[in-house]
Amino acid sequence: MLQVITIENEFDRCVKGLEKRGLEGAETLLKEVLMLDEQRKKLQGELDEILHESNKLAKEIGQLFQQGKKDEAEVAKTKTTKLKQNSKTLSEELSNVEVSLTKHLYNIPNIPHDTVPPGKTDADNEVIKVIDDNIPDLGSNKKPHWDLIEEYDIVDFEIGNKVTGAGFPFYKKQGARLVRGMVNYFLDKAAEAGYEEVQPPVLINEASGLGTGQLPDKEGQMYHTEANDLYLIPTAEVPITNMYRDVILKEDQLPIKHAGHTPCFRREAGSWGSHVRGLNRLHQFDKVEIVQIADPSKSYEVLDQMVVHVEELIKSLNLPYRILKLCAGDLGFTSVITYDFEVYSAAQEKWLEVSSVSNFETFQANRLKLRIKNNGGKKELAHTLNGSALALPRIMAAVLENNQASDHIKMPEVLHSYLGFKEIRKS
């Protein structure tokens, strides 16, 4: 979340940034935050004075009793009782103001980077780079992946629908091997790039969801187990970043680099059409996530490195791709800047999003109380970043569609040793 001191010192920039996102009433909302913070400081000051006076009187009462001045001691005790009552009232008022202030801050999104383009929807995103000279000519007999997976019997949506529900497919035979092979390949490439692999839990508590900003913003999109008050993760970013909640890191520990593979769970709003058909949108899917915790002065260098890492992965699969800088209106709640990667699906003749790489600057770290202690002993909030490297379903869809032939589907060469086969054929 935003720091109050940032809102106070950079008020105009914060207002303009939130308005750029399309947030209505931004100026009024930020003024309410500053007003609540003033109330908090006033109440805290009054409470501190009362506590100081109470402590002072407690010492005096002991001395008066020792001196045999019982009447004076009783008068002081009466004052202490009244101070305690006032202290209780002020503590309750302070707690209410702090809750209200935190609630306000939790509902304010991050301020976009100055380079983030204006705009309201994905139609306003800025295309940074396009590599499309390898789009295959599939001819008139091309098939979308939902036909291919049925023809080659490698993914079964009907069984998934019976066992769980829509959006929970079964991967079978060479389809299951392809998922496992891609996961292992992506993890190995992350390891080569210096990321330490972790396998985190897929259930998180409320504090973790609040820490990385999924709560309260995306509460309706997350699966919730009421009996234990736990949430299924929408991405490995959440548990991995929360490893460092309430942690103070030393400067020489940075950057911290983690990669993790998990299933991801999202309660997407139901809709119809080819854009959500087959593997295009699922409620459960596998993804390899890369996460970094960086020194604020170096986080944009780290962002560039992460973008290059994702780009190299897509290149190695020989998929046409493009990189977009998201406009302010399409930016995630917690992000300062995000680059999306899309691969071209030759049979569907459309671009499919397969990765987002983002810098959150101090937004998550402020919620997490994740700080850095530099060599001089000064503490400051860290910067957090993450990226999909990569999300499997749409990558799989593009691999299947772009490499189809009349009686088989070729596999990218970099995956051959991971799969144990070079092409998918009918069994």
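Just a few scattered comments:
- Residue in the stretch 269-285 that is in contact (Cβ under 8 Å) with a residue 40 or more places away in the chain and closer than 19 Å to Thr334 by Cβ present: no
- Complete set of residues in the stretch 284-307 that are basic (Lys, Arg) and surrounded by 18 or more Cβ atoms within 10 Å (Cβ to Cβ): Lys287
- No other residue among Lys103, Lys82 is within 30 Å of Leu331 (Cα to Cα), out of contact with any helix residue (DSSP H, G or I) (no Cβ under 9 Å at 6 or more places or on another chain) and not β-branched (Val, Ile, Thr) apart from Lys103.
Table: residues versus (1) among the β-branched types (Val, Ile, Thr); (2) open to solvent by less than 40 Å² (accessible area, probe 1.4 Å); (3) at negative phi.
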{"position": "Glu27", "(1), (2), (3)": "no, no, yes"}
{"position": "Val33", "(1), (2), (3)": "yes, yes, yes"}
{"position": "Leu83", "(1), (2), (3)": "no, yes, yes"}
{"position": "Lys88", "(1), (2), (3)": "no, no, yes"}
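- Counted residues, the stretch 116-125 - those being open to solvent by less than 70 Å² (accessible area, probe 1.4 Å) and of a type in the set (Asp, Glu): 1
- Residues (exposed (fewer than 15 other Cβ atoms within 10 Å of the Cβ) and either modelled with pLDDT under 95 or assigned to a strand (DSSP E or B) (or both)) located in the stretch 411-424: Glu423
- Count - residues of the stretch 316-333 that are within 18 Å of Asp114 (Cβ to Cβ), assigned to a loop (DSSP other than H, G, I, E, B) and either of a type in the set (Asp, Glu) or in contact with a Lys or Arg (Cβ under 8 Å, 6 or more places away or on another chain) (or both): 2
- Residue-level check: of (1) without any contact (Cβ under 8 Å) to a residue 40 or more places away in the chain; (2) part of a helix (DSSP H, G or I); (3) open to solvent by 70 Å² or more (accessible area, probe 1.4 Å), Gly62 misses just (3).
- Exactly one residue out of His113, His104 is at pLDDT 85 or above and either exposed (fewer than 15 other Cβ atoms within 10 Å of the Cβ) or assigned to a helix (DSSP H, G or I) (or both), and it is His104.
- Every listed requirement among (1) surrounded by 13 or more Cβ atoms within 10 Å (Cβ to Cβ); (2) over 29 Å from Glu349 (Cβ atoms); (3) in contact (Cβ under 8 Å) with a residue 12 or more places away in the chain is met by Tyr171 save one, (2).
- Screening Ile128 with (1) open to solvent by 60 Å² or more (accessible area, probe 1.4 Å); (2) closer than 30 Å to Leu419 by Cα; (3) among the hydrophobic types (A, V, I, L, M, F, W, C) gives one miss only, at (2).
- Count of residues meeting criterion [more than 16 Å from Pro234 (Cβ to Cβ) and small (Gly, Ala, Ser)] in the stretch 356-388: 4
- Scanning the stretch 139-168 for residues that are in a helix (DSSP H, G or I), surrounded by 12 or more Cβ atoms within 10 Å (Cβ to Cβ) and among the aliphatic types (A, V, I, L, M) turns up Leu148, Ile149, Ile159.
- When residues in the stretch 203-251 are screened for being outside any loop (DSSP other than H, G, I, E, B), touching a residue at least 24 places away in the same chain (Cβ under 8 Å) and open to solvent by 60 Å² or more (accessible area, probe 1.4 Å), 6 of them pass.
- Some residue of the stretch 46-54 being among the small types (Gly, Ala, Ser), open to solvent by less than 70 Å² (accessible area, probe 1.4 Å) and within 30 Å of Gly332 (Cβ to Cβ): no
The values are calculated or read from the model by the stated rules, or taken from the named source; none is laboratory data. Computed from a prediction, not measured in an experiment: that's the story for all the values here. Backbone-built Cβ (ideal geometry, glycine too); neighbour counts: all protein chains shown. Accessible surface areas use protein heavy atoms only, side chains included; no ligands, DNA or RNA. Shrake-Rupley method; radii C 1.70, N 1.55, O 1.52, S 1.80 Å.
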